[in-house]
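A quick write-up on the structure given underneath.
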């Protein structure tokens, strides 16, 4: 992976990988949505409200997966000082935050007919809300350090510390008995009927590919922005040198 820490090599890889992820993700997501909305039958207990699962579950997965990737990139920045690690972490923060917000919104919509309430101070819901705030804090911190010329290590440390919340989210339905259902998919087995499981897995894969495409897009944009800023700084320095020389000759 060290070979792709070079921005030039990464840009060459992203040039073909990004559209591949984008179009594959759109195809799989669209197919999963059509499958889930028109083909599968209503659930015996939840009725048609079960169909929101095909958006809610992938969004929850990517909200947690986004911060996990952000923490790994932050660790790479702190340990190996990869030049693209900080950019990768920043690129994952925005889509990760968006999917976390979608997870919370769809969970509330799902909870209203299922639980009889839009919100419950449940361990899973609260820990996901904390994740949303962590994303907002990371974005604010990374933008502030970049604007003020601070060290990117500060945001990286925040990214690693915030990863403590991920296992809390994962185990919350086991540690605290509340309205939220226990885990339906665990290692090697699933409590979900195959009629619902297969379109759900396709939706998770499609959303994951879309997430990857968005991250690659943002990384390319951030790299291009950094390159433009570097060129402008060099040009400003080059303009200052002749002016200084002319003043010295005078």
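The values are calculated or read from the model by the stated rules, or taken from the named source; none is laboratory data. None of the values given here were measured: they were computed from a predicted structure. Cβ coordinates were reconstructed from backbone atoms using ideal geometry, including for glycine residues, and neighbour counts include every protein chain displayed.
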Per-region count, segment 73-113, residues closer than 19 Å to residue 7 by Cβ and out of contact with any helix residue (DSSP H, G or I) (no Cβ under 7 Å at 6 or more places or on another chain): 2
Residue match in segment 32-48 (condition: under 22 Å from the mean Cα position of the chain (by Cα) and either assigned to a helix (DSSP H, G or I) or under 19 Å from residue 179 (Cβ atoms) (or both)): yes
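Between 227, 181, which is modelled with pLDDT under 80, at negative phi, assigned to a helix (DSSP H, G or I) and in contact with a helix residue (DSSP H, G or I) (Cβ under 9 Å, 6 or more places away or on another chain)?
Just a single option satisfies the conditions, and that option is 227.
At pLDDT 95 or above, surrounded by fewer than 20 Cβ atoms within 10 Å (Cβ to Cβ) and either under 20 Å from the mean Cα position of the chain (by Cα) or under 27 Å from residue 167 (Cβ atoms) (or both): is that true of residue 72 in this structure?
Answer is yes for this residue.
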Residue that is modelled with the highest pLDDT, among those in segment 126-178 that are in a loop (DSSP other than H, G, I, E, B) and surrounded by 15 or more Cβ atoms within 10 Å (Cβ to Cβ): 163
Residues (buried (at least 18 other Cβ atoms within 10 Å of the Cβ) and under 23 Å from the mean Cα position of the chain (by Cα)) located in segment 104-121: 104, 106, 107, 110
Sole exception among (1) without any contact (Cβ under 8 Å) to a residue 40 or more places away in the chain; (2) outside any helix (DSSP H, G or I); (3) on the phi < 0 side of the Ramachandran plot for residue 81, by number: (3)
Residue, nearest to residue 214 (Cα to Cα), within segment 21-32, restricted to residues that are surrounded by fewer than 16 Cβ atoms within 10 Å (Cβ to Cβ) and touching a residue at least 60 places away in the same chain (Cβ under 8 Å): 26
Any hit, segment 48-62, residues being surrounded by fewer than 17 Cβ atoms within 10 Å (Cβ to Cβ) and either touching a strand residue (DSSP E or B) at 6+ places or on another chain (Cβ under 9 Å) or under 26 Å from residue 169 (Cα atoms) (or both): yes
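Rundown of residues vs (1) in contact with a strand residue (DSSP E or B) (Cβ under 7 Å, 6 or more places away or on another chain); (2) without any contact (Cβ under 8 Å) to a residue 40 or more places away in the chain; (3) over 30 Å from residue 48 (Cα atoms), yes/no style:
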position	(1), (2), (3)
67	no, no, yes
77	no, no, yes
89	no, no, yes
94	no, no, yes
123	no, no, no
141	no, yes, yes
148	no, yes, yes
161	no, yes, yes
